[in-house]
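Novice: The structure is given below, and queries will be raised subsequently.
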Amino acid sequence: MTVSTTALPQMHHVEFDAGLISRLSQSGPRYTSYPTADRFSENFSYPDYLHAVAHARTRGGRHPLSLYLHIPFCDTVCYYCGCNKIVTKNRDKAVTYLGYLKREIEMQGKLFVGLNQVEQLHFGGGTPTYLSDEQMVNLMNHIRRWFQLTDDDKGEYSIEVDPRSVSAERIHRLRKQGFNRISLGVQDVDPEVQRAVNRIQPEDMTLEVIRAAREATFRSISIDLIYGLPKQNLQTMAQTLSKVIAANPDRIAVYHYAHLPHLFKPQRRIHEADLPSSDVKLDMLAMCIKRLNEAGYVYIGMDHFAKPDDELAVAQRQGRLHRNFQGYSTHAEADLIACGVSAISSVGMCYSQNVKTLDDYYDCLDQGELPVARGYKLTMDDVLRRFIIQMLMCNFELSISSLEQAYPIAFNAYFDTELEQLHELAELGLLTINDEWISVTLKGRLLIRNICMVFDRHLQHARQLQSEPIRYSRTV
Ligand code: SF4
C-alpha cells in the first residue's frame, strides 16, 4: 500500500511506501547521539570528564547549557518499558535519591561556574512526577542556586508527566515552578490494550491533564503514543488517533514498540500472541501518518509530528533543529549536563554516562566524585560523521560543499565506500545525490535511520567483523 501525503500544503511531508519499508526495515540505532551509547567505554572516567569541562572553558564563544535530570522511580511497571527505572511504592527511596542528586547538581554547578546559564532543562525518567510538590520546589530551588535559568520566554523547561500521577492542580503548580513544556505518556486509550501492558489510564484522566496544561499556559503540550502494542489493531489505533487529535496537542510522537524481551525484563510479561503482525503494524503506521497529516501536523522525523507553528517545526524550517538524548531540540550548540543514575552528558567532544545503580551512584558521590561509569572521546572523524547524521536526521539533506568548507576533507574521496552504498539507496528511491547535495526523498524519510547507518563507521566495522548483536529496535 502506498499512502501519499504530499498533496497537503505543509512544508515537510513524508510518503509511506509499504513495499520499501518491508524490504529495508532492519535493526538500527535511533541516533540520539553519534557514536551511539553502546560504543561508550569504561576506560573513560571522572578525570576525563573534568578534562572535557576544562577544555569547554577554553573554547571561544559561550553557549547556554542544557540540563537533564533523571528521576528513575515509577509506581508500577508498564510491560512495554525499556527505560532505566526503579519500580517502588516506597517514597523514602526518593528522599535518599534527592539528597544525592542535589550533591551531583552542586558539583556540576561548581564545575560550570561562570558558564552556567541554562536555556534548556528537561526532567525525565522513570516518572519525574513521582516526586511530591514539596520535593519538586526544593529541587528547582537547588537547581536555581547552582545554575542560572533564563526567563520563561527564552528557556525551554520541560517535564515528562504521567497523567496517572498528577491532578489538575499539580499541573498548575508545575507551571509555577518554572516548567513551560510538558509531555504526557498516553500510548493507547483502549482499555484492553492498557490492561495488556499494565498501564490503566482512563481517557478522562489524560484529557483533564491536557486541559489543565492549556489553562496553565504551557507553551507546548506533547503526547506520546506507541504502535505495535499487544491487543492493538487498526480499529483501536484509529480510535486512539481520533481522540488524541481532538485533544489538539502541539506535538505527537508515535513510537514503534520494539519487543526485545531478552534486553528488557518487563517485556517478558507481554503475551507474544497478542502482538499485532508486521503487516498490521505497517498499516497502523500508514494510518498514523495519513491521519496526522490530514489533521495538519508536520512530520519532523523519527516518530515526531508537530503543528506547523510549534517551535520544532519552525526550527526545522529554519535549519536550526538538533537532536540529542531527549530527542529533537532547538538548542543546537548547548553542552548537555545530565544528572542522576544512568544519565548521559555531552560536553565538548565527549560523552559521559553515569553509573546505573543507586548503590554505585551513592558510593561515588560519597567519595566526592561525580558518578561517571563510562563515556567516549570523539575523534575528528566522529565529529564529522556526527555532523552529517545530525543534518540528515534533522533537515533531511546535506550540503556537500558546506561540509567541505567546514571540514578539511574532499567528500568523494573521504566517503568513497559510503558513496557506493548511498548510490544503492538512491536507486531504491530513498535519496538523491549529486556533487552538491544529498537529499532524502519523501519515501526515504521514514527510513532515515538506514541512510544514517551508512555513515556510522562503528556499526559498519562491527558488521564487517560480524560481531553486531541485536540490541537495536527496527528502523520502522
Ligand atoms: S513507561 Fe514510564 S511510567 Fe511506565 S514503567 Fe516505564 S518509565 Fe515508568
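Novice: Highest first, please rank the peptides 355-364, 89-98, 154-163, 319-328 by the mean number of other Cβ atoms sitting within 10 Å of their residues.
Specialist: Averaged packing, sorted descending, gives the order 154-163, 319-328, 355-364, 89-98.
Novice: Please report, as a whole percent, how much of the solvent-accessible surface of the stretch 160-220 comes from carbon and sulfur atoms (probe radius 1.4 Å).
Specialist: Numbers: 1270 of 2550 Å².
Ligands and nucleic acids excluded, carbon and sulfur give 50 percent.
Novice: Still on this structure: Suppose every K and R has +1 on its Cβ and every D and E has -1 on its Cβ; what is the size of the dipole of the stretch 149-280 about the Cα centre, in Debye to the nearest 20?
Specialist: 320 debye
Novice: Now for a different question. Beta carbons within 10 angstrom, averaged per residue: use that to sort the peptides 50-58, 283-291, highest first.
Specialist: Per-residue mean Cβ counts within 10 Å order the peptides as 283-291, 50-58.
Novice: Right, something else. As I understand it, the dipole of the chain uses +1 on the Cβ of Lys and Arg and -1 on the Cβ of Asp and Glu, about the Cα centre. Which of SER167, ILE210, ILE289 lies farthest toward its positive end?
Specialist: SER167
Novice: Given a cut-off of 19 Å, name the pairs among LYS243/LYS290; LYS154/LYS176; LYS110/LYS154; LYS265/LYS356; LYS85/LYS154; LYS85/LYS265 whose C-alpha atoms lie farther apart than that in the structure shown.
Specialist: Violating the 19 Å limit, Cα to Cα: LYS110/LYS154; LYS85/LYS154.
Novice: Does the stretch 355-476 come out rounded, prolate or oblate by the C-alpha gyration tensor, with a ≥ b ≥ c the root eigenvalues, rounded set by a/c under 1.5 and, if not, prolate when a/b is larger than b/c and oblate if not?
Specialist: prolate
Novice: Taking the Cβ-Cβ separation of ASN141 and TYR414 as r and a Förster radius of 56 Å, what is the calculated FRET efficiency to the nearest 0.05?
Specialist: Numbers: r = 50 Å, r/R0 = 0.89.
Calculated value: 0.65.
Novice: Given Cβ point charges of +1 (Lys, Arg) and -1 (Asp, Glu) and nothing else, what value in debye, to the nearest 20, does the dipole of the stretch 266-396 about its Cα centre take?
Specialist: 420 debye
Novice: When the convex hull of the C-alpha atoms of the stretch 401-468 is computed, what volume per residue in Å³ does it have?
Specialist: Dividing the Cα hull volume of the stretch 401-468 by its residues yields 100 Å³.
Novice: Would you calculate a helix-derived [θ] at 222 nm for the chain, using -39,500 (n - 2.57) for each DSSP H run of n ≥ 4 and dividing by the full residue count, to the nearest 500?
Specialist: Here the helix-only value at 222 nm equals -11500 deg cm²/dmol.
Novice: Measuring from the lowest to the highest alpha carbon on each principal axis, how far does the stretch 149-244 reach, largest first, in angstroms?
Specialist: 45, 22, 20
Novice: Would you work out what percent of the accessible area of the stretch 322-361, with all protein chains in place, is carbon or sulfur (probe 1.4 Å)?
Specialist: 43 percent
Novice: Give, in whole angstrom and from largest to smallest, the semi-axes √(5λ) of the equivalent ellipsoid of the chain, with λ running over the eigenvalues of the Cα gyration tensor.
Specialist: Working: eigenvalues 205, 176, 95 Å².
Equivalent ellipsoid semi-axes, largest first: 32, 30, 22 Å.
Novice: If you average the alpha carbon positions of the stretch 183-225 and of the stretch 35-61, how far apart do those two centres end up, in angstrom?
Specialist: Centre-to-centre distance over Cα atoms comes out at 38 Å.
Novice: Let me ask something else about it. Cα-based Rg (one decimal) and Dmax (whole number) for the stretch 135-205, in Å?
Specialist: Values for the stretch 135-205 (Cα only, Rg and Dmax): 15.3, 46 Å.
Novice: Let me ask something additional. Which one, ALA273, HIS256, SER346, is farthest towards the positive end of the dipole of the stretch 250-353 when Lys and Arg carry +1 and Asp and Glu -1 on their Cβ?
Specialist: Of the options given, the answer is ALA273.
Novice: Taking the solvent-accessible surface of protein heavy atoms with a 1.4 Å probe, what is the per residue accessible area of the stretch 131-245 in Å²? Intermediate values should be presented prior to the final figure.
Specialist: Values: 4750 Å² over 115 residues.
In whole numbers, the stretch 131-245 has 41 Å² accessible per residue.
The values are calculated or read from the model by the stated rules, or taken from the named source; none is laboratory data. Predicted, not measured: the structure shown is a model, and the values here were computed from it. In this analysis, Cβ positions are derived from the backbone assuming ideal geometry, glycine residues included, and neighbour counts consider all displayed protein chains. Just the protein is used for accessible areas: all its heavy atoms, side chains included, with ligands, DNA and RNA removed. Shrake-Rupley method; radii C 1.70, N 1.55, O 1.52, S 1.80 Å.
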